[in-house]
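Working notes, structure below.
The values are calculated or read from the model by the stated rules, or taken from the named source; none is laboratory data. These numbers come from a predicted model, not from an experiment. Note that we place each Cβ from the backbone using ideal geometry, even for glycine, and neighbour counts take in every protein chain shown. Heavy atoms of the whole protein, side chains included, go into the accessibility calculation; ligands, DNA and RNA do not. Shrake-Rupley method; radii C 1.70, N 1.55, O 1.52, S 1.80 Å.
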Amino acid sequence: MLNFTFFATSISLGIALAMDAFSVSLANGLNCPCMPKKKMCLVAGIFALFQAAMPLLGWFAVHTAAEHFEAFRPCIPWIAMGLLGFIGGKMLVEGLKNQEEACNIEAITLPLLMVQGVATSIDALSVGFKISDYPAPLALLCAVLIAAVTFVICLAGVIIGRKFGTKLAGKASVLGGVILIAIGLEIWITGVFF
């Protein structure tokens, strides 16, 4: 079962799952254009950790309590929209109040990153169903590949956000907040209506 198809599928899942995290990483970079490299790696690492953990949690749920997970599935878009809407709204309001502030390193805290990690990866729980027929070692390897892809994509998002954040100065936080609210709405609309 460990073949080209397995790796291609795992990497494709990683790319697909990382898109929301990429956008939030971009917003974080916009919000903090002077973010140090260590913090950039922390941002990417948190998203990678959650994007790996959620499919494993889904895989575990399929093998233990799938009926409980199915009952939780309709809540996923609402939770993601609520979390990202709240964070984005807060970022938007702070950006409108503090237009002159170019960089706020303290704005990107570990608790904030954890909430963003949950909000952007909660839909990855359903990937556990896709990989449910994998034995545990292959499910773990798939999660590691998803994490690696997510880390690279999110690091690129922070770097791009930093570049534009420097150019946009005080307006970057406003743009970052709008991006987070838009991602929350997109997850909600897709999850509820499609």
Return a yes/no flag: does segment 18-35 have any residue that is under 21 Å from Ile160 (Cα atoms), at pLDDT below 90 and charged (D, E, K, R).
yes
Keeping to segment 162-194, report how many residues are open to solvent by 20 Å² or more (accessible area, probe 1.4 Å) and at pLDDT 75 or above.
16
Answer yes or no as to whether Met81 is at pLDDT below 75 and within 18 Å of the chain's Cα centre (by Cα).
no
Test each condition in (1) crowded, with 16+ Cβ neighbours inside 10 Å; (2) among the polar types (S, T, N, Q); (3) over 26 Å from Phe60 (Cα atoms); (4) modelled with pLDDT of 75 or more for Gln116 and report the one that comes out false.
(3)
Determine, yes or no, whether Ser121 is at pLDDT 80 or above, small (Gly, Ala, Ser), surrounded by 15 or more Cβ atoms within 10 Å (Cβ to Cβ) and not in a helix (DSSP H, G or I).
no
Reported set for segment 113-145 where residues are more than 19 Å from Thr64 (Cα to Cα) and in contact with a Leu (Cβ under 6 Å, 6 or more places away or on another chain) is Val115, Ala119
